[in-house]
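Scroll down for the structure; my scribbles are underneath it.
The values are calculated or read from the model by the stated rules, or taken from the named source; none is laboratory data. Because the structure is predicted, anything quoted here is derived from the model rather than measured. We place every Cβ from the backbone using ideal geometry, glycine too, and count neighbours over all the protein chains shown.
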Amino acid sequence: MRVIVTFALSLAAAWVFAQGAPSDVPPGHWAHKAVDELYKAGVLQGYPEAKFMGDRSASHYEVAAALGKQAEKSSLDQKLAALKNDLTGIKSAMQQLQAQVRGLKKELADLKKQIMDLSSRAKARDLTLKTLGWTQAATTARFLGSPEGANPCSE
């Protein structure tokens, strides 16, 4: 039930704000465009029977209500502009981050290639040493200067 009532009120509010100038403001009147825009923006609202009563003087309350609505709309417009500016900054930062990620991915791919190359070289070295009859221990000892790491070529 609440959903239906909320929906009905939303439709009514949308209809009210979508309405242009009231019927008693003729389309050719010098203030028609301004009244129409203020009605559509929700700054002004008419009297019963959708009347504007443009010949009637406005009370201080009516003027204050209209100015308050305009100030609120202006404040919301400023906040919206600030949010749009923030969003532009965030988009720019995201583009920079995406470029950095692409660069890091390339570096990672290059490092993987280097690791694969080093791994292939190590396997080839081990195969060569094995073919020559050198053992890993003898090779390590030789490079460390251990006496048992005698030069396999002298054997």
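Of LEU11, LEU38, all but one fail to be in contact with a helix residue (DSSP H, G or I) (Cβ under 8 Å, 6 or more places away or on another chain) and modelled with pLDDT under 85; the exception is LEU38.
Could you tell me whether LEU129 is modelled with pLDDT of 70 or more, assigned to a helix (DSSP H, G or I), farther than 30 Å from ALA41 by Cα and touching a helix residue (DSSP H, G or I) at 6+ places or on another chain (Cβ under 7 Å)? Against the criterion (modelled with pLDDT of 70 or more, assigned to a helix (DSSP H, G or I), farther than 30 Å from ALA41 by Cα and touching a helix residue (DSSP H, G or I) at 6+ places or on another chain (Cβ under 7 Å)), LEU129 qualifies.
Residues checked against (1) exposed (fewer than 11 other Cβ atoms within 10 Å of the Cβ); (2) touching an Asp or Glu at 6+ places or on another chain (Cβ under 8 Å); (3) farther than 30 Å from GLY20 by Cα; (4) modelled with pLDDT under 85:
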| position | (1), (2), (3), (4) |
| --- | --- |
| ASP55 | yes, no, no, yes |
| LEU67 | no, no, no, yes |
| LEU80 | yes, no, no, no |
| LYS84 | yes, no, no, no |
| GLY89 | yes, no, yes, no |
| THR140 | no, no, yes, yes |
| ASN151 | yes, no, yes, yes |
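The lone criterion from (1) exposed (fewer than 12 other Cβ atoms within 10 Å of the Cβ); (2) at pLDDT below 85; (3) not in a helix (DSSP H, G or I) left unmet by GLU49 is number (3).
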